[in-house]
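Nothing in this text is a laboratory measurement; each read-out follows from the coordinates by a stated rule. None of these values were measured; they are calculated from a predicted model. For neighbour counting, all protein chains shown are included, and Cβ atoms are generated from backbone atoms with ideal geometry for every residue, glycine included.
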Amino acid sequence: MKELVSRPELCDECGKCERICPKNAIRVINGVPVFCLHCAEDRAPCMTVCPEDAIEKIDGAVIIHEEDCIGCGLCRDACPIGAINLDEYGIATKCNLCAGRDKQLCVSVCPKEALKMSSEDMLTDKREHIAKELEKVKMIMKY
């Protein structure tokens, strides 16, 4: 299952993630990357309000089937974090976790690794950091 997670404390607001996103679906606001959270199906307000059932969850990603979208904007209005926009044709667009790609583009360009492909990646990084810090403590304790 795909996901996208952020570590705002690492974000340096370079904007590379914003520029590379083909859906124009990520914004950095006050150092915090803001993007669709891909809510659980039973909690995704955009899916609930869509009158055309043009939004579904596929492999962890909440996907808008743009060909089925009628441009009513209800999903945009229902999104609690403002992650859905209407494009120049009035069609709803949002992050689709780079469906069809092996890796999310925003993750691949983030120089500070503030964006990760999964919470497991983030936990692995934190575990490695803690292990290194423990090794330092062990060295100090020897002396």
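Fewest to most neighbouring Cβ within 10 Å: what's the order for 26, 70, 140? Write down the numbers at each step before the final one.
Working: 26 24, 70 13, 140 8.
Fewest-to-most Cβ neighbours within 10 Å comes out as 140, 70, 26.
Compute the long axis of helix 119-142 from its Cα atoms, compare it with the longest principal axis of the Cα atoms of the chain, and write down the angle in degrees, 0 to 90, nearest 10.
Here the helix axis deviates by roughly 10 degrees.
Taking the Cα centre of region 79-124 as the origin, how large is its charge dipole in debye, to the nearest 20, when only Lys and Arg (+1) and Asp and Glu (-1) carry charge on their Cβ atoms?
Working: 5 positive and 6 negative charges, 11 e Å.
The dipole magnitude comes to about 60 debye.
Checking the cross-link filter: which aspartates and glutamates have an alpha carbon closer than 15 Å to that of residue 94, excluding same-chain neighbours under 8 positions apart?
Hits, sequence-local ones excluded: 3, 18, 56, 66, 67, 68, 77.
Starting from the coordinates of the alpha-carbon atoms of region 5-118, obtain the Kirkwood hydrodynamic radius over all distinct pairs and give the value in Å to one decimal.
After inverting the pairwise mean of 1/r, the radius is 14.4 Å.
Let me have the relative contact order for region 1-99, percent, based on Cα pairs under 8 Å that are six or more residues apart. Could the numbers behind the result be given before it?
On the way: 152 pairs, mean separation 26.9, N = 99.
Once normalised by length, the contact order is 27 percent.
Quick one: what are the phi-derived ³J(HN,Hα) couplings along region 8-13, Karplus 6.51/-1.76/1.60 with θ = phi - 60°, whole Hz, x for glycine and proline?
For region 8-13, the Karplus curve yields x, 5, 9, 5, 10, 6 Hz.
Expressed as a fraction of 2.2 N^0.38 Å, the rule-of-thumb size for a compact globular protein of N residues, what is the C-alpha radius of gyration of region 61-132?
Details: Rg = 16.3 Å, N = 72, 2.2 N^0.38 = 11.2 Å.
Cα Rg divided by the expected 2.2 N^0.38 Å: 1.46.
When every alpha-carbon pair in region 90-143 is counted, what percent end up more than 19 Å apart?
Values: 740 of 1431 pairs.
Distances greater than 19 Å cover 52 percent of the Cα pairs.
Whose amide H sits under 5 Å from the amide H of residue 34, counting only residues 5 or more places off or on another chain, with H placed in the peptide plane?
Sorted by chain and number, the residues that satisfy this are 27, 28, 29.
Taking amide H positions as placed in the peptide plane 1.01 Å from N, state which residues far from residue 55 in sequence (5 or more) or on other chains have amide H under 5 Å from it.
Correct list: 65.
Residue-wise, which Karplus ³J(HN,Hα) couplings in Hz belong to region 104-112, taking 6.51 cos²θ - 1.76 cosθ + 1.60, θ = phi - 60°, and x for glycine or proline?
Ordered by residue, 3J(HN,Hα) equals 5, 4, 4, 5, 5, 9, 6, x, 9 Hz.
Listed here are the pairs 2/132; 112/136; 103/136; 57/112; which of them are more than 26 Å apart at the Cα? The partial results should precede the final answer.
Details: 2/132 28 Å; 112/136 23 Å; 103/136 34 Å; 57/112 29 Å.
Among 2/132; 112/136; 103/136; 57/112, the Cα-Cα distance tops 26 Å for 2/132; 103/136; 57/112.
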